Amino acid sequence: MPVFLLNESLAFPPPHYAEADGLLAVGGDLSTERLLLAYKKGVFPWFNPDEPILWWSPDPRCVLLPSQVLISKSMRQVLRRGQFIFSFDNDFETVIRLCQAPRAYSDSTWISEEIIEAYCKLHELGYAHSLEVRLADSGALVGGLYGVSLGKAFFGESMFSKVSNASKAAFIMLAQWAQEQQFSMVDCQMHTAHLERLGATMLQRSLFLKMLLRNNQLPTMQGSWAHFVLEPHL
C-alpha cells in the first residue's frame, strides 16, 4: 500500500492501509483536533525532528490489559519499602522534557519542541496526563510517564527513569490505577522486552480497533487527575 500524504483535512486513511512496519501517513499537523482524532482511530505520531510528521498504526499492537500487569518479586519488595511516592499531573512539562532527554544508547530523541508544545496543550485541555515518581525522602523527581486518555483507555507515549526501577514503578502504578477506574487498556504502541516483562501483550490490529471502537463510545475523564491518591496494592 502507498503511504498517504495528509493535507489540511482532518481525516486519516483506514489503519489497515498501513505498511508492514505500521507507517500509515505523512504530513498534516499536531493540532489538538488532529491528535485526538488520531488516537480515536488507533493512529499516533512518531518521527524524528528532521523528518516530516509520520503517523503509525502497527500490526500487531502492544497493549497492556490493566489486570494483567506483572509485578516481579523484586519490584514488590521495592514498592513495599516505600522509597517512591506517586502523583498525577503535578509536573507535566517537566516529565515530558525528561522523557525528551537522550538515552544512554542514543544521542537523538523523537520528542521535539513541536511535540512538547502540542502535548502540553493537550494537557492544559485535560486530555494528556503525567504520572510522577519521586523519592520519598527528598521529593526528587526520578521517574515518570505521560500519555493521552480518551474514554477508558490510556495511550502511553514515553517514560523515563533517573534511578533504578522508577519507570517500572510508574508503569505498575498506572496499571493498578487503570484497573481501579475500569479502564480497558493501556496502549503501549510498539513492543519492547521491557514492556513485555511488565505484562504487555501483542494484539492483532483488528482486535485493537474493535476495542477502540467500543472505547470511543465512553465518556472521557477530562481534566486534571492531580486529586487521585496513588498507592501500590500488593
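The values are calculated or read from the model by the stated rules, or taken from the named source; none is laboratory data. Values in this document were obtained by computation on a predicted structure and should not be read as measured data. Heads up, the Cβs are rebuilt from the backbone with ideal geometry, glycines too, and the neighbour counts pull from every protein chain shown. These accessible areas exclude ligands, DNA and RNA; they are computed on the full protein's heavy atoms, side chains included. Shrake-Rupley method; radii C 1.70, N 1.55, O 1.52, S 1.80 Å.
Residue-level check: of (1) among the aliphatic types (A, V, I, L, M); (2) without any contact (Cβ under 8 Å) to a residue 12 or more places away in the chain; (3) part of a loop (DSSP other than H, G, I, E, B), M221 misses just (2).
Given the structure, is K168 closer than 29 Å to P102 by Cα, open to solvent by 50 Å² or more (accessible area, probe 1.4 Å) and in a helix (DSSP H, G or I)? When the stated conditions are applied, K168 passes them. Within region 1-53, restricting attention to residues that are among the polar types (S, T, N, Q) and in a loop (DSSP other than H, G, I, E, B), which residue is nearest to T220 (Cα to Cα)? Per the criteria, the residue is S31. Of everything in region 1-52 that is aliphatic (A, V, I, L, M) and in contact (Cβ under 8 Å) with a residue 40 or more places away in the chain, the residue that is nearest to Q204 (Cα to Cα) is A18. Of the residues making up region 181-227, just one is open to solvent by less than 50 Å² (accessible area, probe 1.4 Å), touching a Cys at 6+ places or on another chain (Cβ under 7 Å) and farther than 22 Å from K40 by Cβ, namely L195.
Taking region 181-234 only, how many residues are on the phi > 0 side of the Ramachandran plot and among the basic types (K, R)? So the answer is 0. Considering each residue of region 148-165 in turn, none proves to be closer than 14 Å to S67 by Cβ, of a type in the set (S, T, Y) and in contact (Cβ under 8 Å) with a residue 40 or more places away in the chain.
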